[in-house]
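Colleague: The structure under discussion is supplied below as structure tokens; questions concerning it will follow.
Laboratory data are not the source of any read-out in this text; all were calculated from the coordinates shown. Remember, predicted model here, so these are calculated numbers, not experimental data. Here the Cβ positions follow ideal geometry from the backbone for every residue, glycine too, while neighbour counts run over all protein chains shown.
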Amino acid sequence: MSTHAPEDDRKVTTERLREWKGEGRRIAALTAYDALMAEILDRSGVDVLLVGDSCGMVVQGLDTTISVTVEQMLYHCKVVSKVVERALVVCDLPFLSFQVSAEEALRNAGKLMKEAGAEAVKLEGGRQFSEVVRRLTESGIPVMGHLGLTPQWIHRFGTYKVRGRDDAEAQQILEDARHLAQAGAFAIVLEKIPATLGKQVTESIDIPTIGIGAGADCDGQILVTHDMLGLFTKFHPRFVRRYANLAEEMHRAFGDYARDVREGNFPGERESY
Ligand code: KIV
């Protein structure tokens, strides 16, 4: 465990997240797509690991998350859940895996739990998915909602700009959050909305909100791990704080290695038998 790891190393559950909201204890969440990173994240005391469909962008190099499949999420979630001991593992339901019908959503979410060890699923969208959230929750599958800038909706939005700036859309986000909470969601991600709206949503529901560009008053925060490590550098949204510059460090290391090989400086005597 890192020096910043929480003293309480009990398994994180959806129930504990709700208790933490009551106690004002903030939730730290990050994304994970592979076992090596998941193990480091878990041992560092991150509370929630999201196996996000952002893997489409930061791992597969795609421009959007739209083409990520259930099979790909099964793979990523399986390797992550295998090594995680403390964090809650939440897996994204990718585009069109939950929209067609509640039955199909149940089948796909069930697969992620049964075959890949997901402890909860996340879906993007508001009140139109209340029935799906209810069916999954009643079947024993905890659901995390996701409102605001929902990346699977990029072709509908046409832009990655801040959502909920005007009163009508702010009201819609607020009401969607209430609907999702009523339907049984255990938490809601709020992405790229004004901080005042993030605060308003947080105060109006009794389940935790986890913000990504939604201000400091959310019950928790999430970032894409590759963004906060400075590994993914194609763009740098304002809400991302870079805690490291790993891409730079990797460029240096790979460049040094290539030079050493070319110049005959690697391997040396100590690296030879
Ligand atoms: O897929 C993802 O990583 C996400 C986060 C941005 C919340 O949904």
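Colleague: Say the dipole of region 158-238 comes from +1 at the beta carbon of Lys and Arg and -1 at that of Asp and Glu; which of G220, G158, T233 then lies farthest toward its positive end?
Modeller: T233
Colleague: Can you pull out the trypsin sites (Lys or Arg not before Pro) in region 59-102 that DSSP calls coil and that have at most 15 other Cβ atoms within 10 Å?
Modeller: In loop regions of region 59-102 (DSSP not H, G, I, E or B), the sparsely surrounded trypsin sites (Lys or Arg not before Pro) are K82.
Colleague: Treating only the Cβ atoms of Lys and Arg (+1) and Asp and Glu (-1) as charged, compute the dipole magnitude of the chain about its Cα centre; round to the nearest 20 debye.
Modeller: 280 debye
Colleague: Pull out a ≥ b ≥ c, the square roots of the eigenvalues of the alpha-carbon gyration tensor of region 135-228, then state rounded if a/c is under 1.5, prolate if not and a/b is larger than b/c, and oblate in the remaining case.
Modeller: Here region 135-228 falls in the rounded category.
Colleague: Using a simple spin-label model with points 7 Å from Cα along the Cα→Cβ vector, what separation in nm is obtained for N265 and E15?
Modeller: 5.9 nm
Colleague: For a Förster distance of 51 Å, can you work out the FRET efficiency between the beta-carbons of R241 and S101, rounded to the nearest 0.05?
Modeller: It comes to 0.80.
Colleague: Now, a different point. So how do Y243, Y75, Y273, Y33 line up by other beta-carbon neighbours within 10 Å, fewest first?
Modeller: The order, fewest Cβ neighbours first, is Y273, Y243, Y75, Y33.
Colleague: Another question, if that's okay. Assign one of three labels to the chain, namely rounded, prolate or oblate, based on the Cα gyration tensor with a ≥ b ≥ c the square roots of its eigenvalues; rounded applies when a/c is under 1.5, prolate when it is not and a/b is larger than b/c, and oblate otherwise.
Modeller: Prolate shape, in that a/c is at least 1.5 and a/b is the bigger ratio.
Colleague: Moving to a separate point now. Based on the Cβ-Cβ distance of E85 and A168, what FRET efficiency does E = 1/(1 + (r/R0)^6) give at R0 = 51 Å, to the nearest 0.05?
Modeller: Efficiency at R0 = 51 Å is approximately 0.70.
Colleague: Where does each of 210-219, 229-238 land if you order them by average Cβ count within 10 Å, highest first?
Modeller: 210-219, 229-238
Colleague: Hey, another quick one. Going by alpha carbons, how many degrees (0 to 90, nearest 10) lie between the helix axis of 102-116 and the longest principal axis of the chain?
Modeller: Helix 102-116 sits at roughly 30 degrees to that axis.
Colleague: Taking 25 Å as R0, compute the FRET efficiency from the Cβ-Cβ separation of T159 and S204 and round it to 0.05.
Modeller: That pair, T159 with S204, gives E of 0.40.
Colleague: If contacts are Cα pairs under 8 angstrom and at least 6 residues apart, what is the relative contact order of the chain in percent?
Modeller: Computed value for the chain: 15 percent relative contact order.
Colleague: I've got another one for you. How high is the relative contact order of region 67-187, in percent, with contacts defined as C-alpha pairs under 8 Å that are six or more residues apart?
Modeller: 24 percent
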